[in-house]
Amino acid sequence: MSTARRLDNRRISKKTIDTNSRLYRFNIRKKRKIKLVLTRAIIIALLLIPLTIVGRTLYINYKCKDIYYAVDYYMTSKYAKDYKLLRVKEVNLTYEDDKTAQVTASGLEDTSPHKYSSYKVSFEKTSKGYWQIDNISPVNNDK
């Protein structure tokens, strides 16, 4: 009886497979291929994650060169923790020069109940030319 027939009905273990057999070589090649694919996937992921983060930061900084986009971005994102708005409805530019700007932004609050509120926001222009939030203070509402 040949080795192939004996292995058909039994569980194949490392002891029963000859190191020169075709099945053994196939399994070794399969394991190497899996390791190679996983290694490539990990390397690609490790390169793409930082590139995505840097790309997103550069994109936001580029868009924040516009004061109105900067107001909308900073007032609806994590940077305005206590004064976060759900949506900015009105933006009034009260003062602007080359380095600073003061804006009154109003809209619905992020926390429930979504009250209408207004905030006075100060911005500074960085050396790279984009607007960065400096100070936020609430404005008394008469609405």
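The values are calculated or read from the model by the stated rules, or taken from the named source; none is laboratory data. Predicted, not measured: the structure shown is a model, and the values here were computed from it. Quick reminder, even Gly has a Cβ in these numbers, built from the backbone with ideal geometry, and neighbours come from all protein chains shown.
Each residue in the stretch 44-86 was checked for being farther than 14 Å from Ser117 by Cα and assigned to a loop (DSSP other than H, G, I, E, B), and 7 pass.
Scan the stretch 87-94 and give yes if some residue there is basic (Lys, Arg) and assigned to a loop (DSSP other than H, G, I, E, B), otherwise no. Looking for residues that are basic (Lys, Arg) and assigned to a loop (DSSP other than H, G, I, E, B), one finds none in the stretch 87-94, hence no. Exactly one residue out of Tyr116, Tyr68 is of a type in the set (Phe, Trp, Tyr) and either touching an Asp or Glu at 6+ places or on another chain (Cβ under 7 Å) or within 15 Å of Val139 (Cβ to Cβ) (or both): that is Tyr116. If only residues of the stretch 78-99 that are in contact (Cβ under 8 Å) with a residue 24 or more places away in the chain and touching a Phe, Trp or Tyr at 6+ places or on another chain (Cβ under 7 Å) are counted, the one that is farthest from Tyr68 (Cα to Cα) is Tyr83.
Residues checked against (1) among the aliphatic types (A, V, I, L, M); (2) within 18 Å of the chain's Cα centre (by Cα); (3) at pLDDT 95 or above:
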{"position": "Thr57", "(1), (2), (3)": "no, yes, no"}
{"position": "Lys65", "(1), (2), (3)": "no, no, no"}
{"position": "Tyr79", "(1), (2), (3)": "no, yes, no"}
{"position": "Tyr83", "(1), (2), (3)": "no, no, no"}
{"position": "Leu93", "(1), (2), (3)": "yes, no, no"}
{"position": "Asp110", "(1), (2), (3)": "no, no, no"}
{"position": "Lys115", "(1), (2), (3)": "no, no, no"}
{"position": "Val139", "(1), (2), (3)": "yes, no, no"}
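Within the stretch 101-143, being within 15 Å of Ser77 (Cα to Cα) and among the small types (Gly, Ala, Ser) holds for Ala105, Ser106, Gly107. Listed by first and then second residue, the pairs with beta-carbon distance under 6 Å, at least 6 apart or on different chains, first residue in the stretch 65-76 and over 11 Å from Arg87 (Cα atoms), second of a type in the set (Ser, Thr, Tyr), are Lys65/Tyr130.
Can you tell which of Ser117, Ser112, Ser106 is polar (S, T, N, Q), out of contact with any helix residue (DSSP H, G or I) (no Cβ under 7 Å at 6 or more places or on another chain), within 10 Å of Tyr83 (Cβ to Cβ) and assigned by TED's automatic domain parsing to the domain that holds Ala70? Write out each step before concluding.
Numbers: Ser112 fails: within 10 Å of Tyr83 (Cβ to Cβ); Ser106 fails: within 10 Å of Tyr83 (Cβ to Cβ).
Only one candidate passes the filter, namely Ser117.
Scanning the stretch 78-120 for residues that are buried (at least 16 other Cβ atoms within 10 Å of the Cβ) and of a type in the set (Ser, Thr, Tyr) turns up Tyr83, Ser106, Ser117, Ser118, Tyr119.
Do we have Leu38 as farther than 24 Å from Phe123 by Cα, more than 23 Å from the chain's Cα centre (by Cα) and modelled with pLDDT of 95 or more here?
yes
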